[in-house]
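Beneath this line is the structure, given in structure tokens, with notes to follow.
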Amino acid sequence: LEGGESGESMILSNVVGLSVKSPSATSLDSAKGSSVVTGMDWMTFSTGDIFWGQIYTYCYWPCIVCPDPDGRTLSSERNVRNGEEYVLVHVRFFADSGRRNWVKRENLIPYTDLENYKQHMREIRKKYGKKSLKYKVLLPKPSKVMIWREAIKEANKVSEIIYEDRLTKFFEIYEHKK
């Protein structure tokens, strides 16, 4: 990392096995599942896709697209203040006790590899500054670094297998940790 990035260096250094490229981030192959094209032509969402997802004030965290208890993967929500409609994607977060949530499409970054994520961080820092919220939500709090690293390792394991088996693998990892 560039000079002056000691916080990033501490958080992102010594991470083992974090350079696996996920096919979910680059493949738009319709054979992988029932893709749904949303307002952004380049972004589709299929069960088994892996993203960096961000909710509330938490940092971006590896997550996997999956159906909610009612079987829905996509939903929408209207902002009562400005009337804008948001597309929401249902995900479960890695290394987070199987927690699930609806994430705004705008708060999802395709999961590729750690180098790509670090490059994204550098671009955001350069554009908005290291004190901006846009930059801060890219880094986990110091107390969460170890579990964040574990989440990345789990996401890498799941990204290496075929789509049909990804959710099964996610739940195997989750059940094993109970």
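The values are calculated or read from the model by the stated rules, or taken from the named source; none is laboratory data. Values in this document were obtained by computation on a predicted structure and should not be read as measured data. Methodologically, a virtual Cβ is constructed for each residue, glycine included, from the backbone with ideal geometry; neighbour enumeration extends over all protein chains shown. Accessible surface areas use protein heavy atoms only, side chains included; no ligands, DNA or RNA. Shrake-Rupley method; radii C 1.70, N 1.55, O 1.52, S 1.80 Å.
In the structure displayed, which of Lys126/Lys177; Lys131/Lys169; Lys118/Lys177 lie more than 32 Å apart, Cα to Cα? Violating the 32 Å Cα-Cα cut-off are Lys126/Lys177; Lys131/Lys169.
Val87: net charge of surrounding residues, Cβ under 10 Å, Lys/Arg +1, Asp/Glu -1, itself excluded? Once positives and negatives cancel, what remains is -1. A Förster radius of 35 Å combined with the Cβ-Cβ distance from Tyr128 to Arg100 puts the calculated FRET efficiency at roughly 0.75. Taking all protein chains together and rolling a 1.4 Å probe, Glu150 ends up with roughly 70 Å² accessible.
Annotation: extensible slack from Phe171 through Lys136 equals 9.6 nm (criterion: 0.36 nm per residue apart, minus Cα-Cα distance). Peptides 87-100, 62-75, 134-147 ordered by packing proxy, namely the average of other Cβ atoms within 10 Å per residue, highest first: 87-100, 62-75, 134-147. Taking all protein chains together and a 1.4 Å probe, the residues Trp61, Trp102 rank Trp102, Trp61 from largest to smallest accessible area.
Here the peptides 78-85, 125-132, 110-117 are ranked by packing, the mean other Cβ count within 10 Å, and the order with the highest first is 110-117, 125-132, 78-85.
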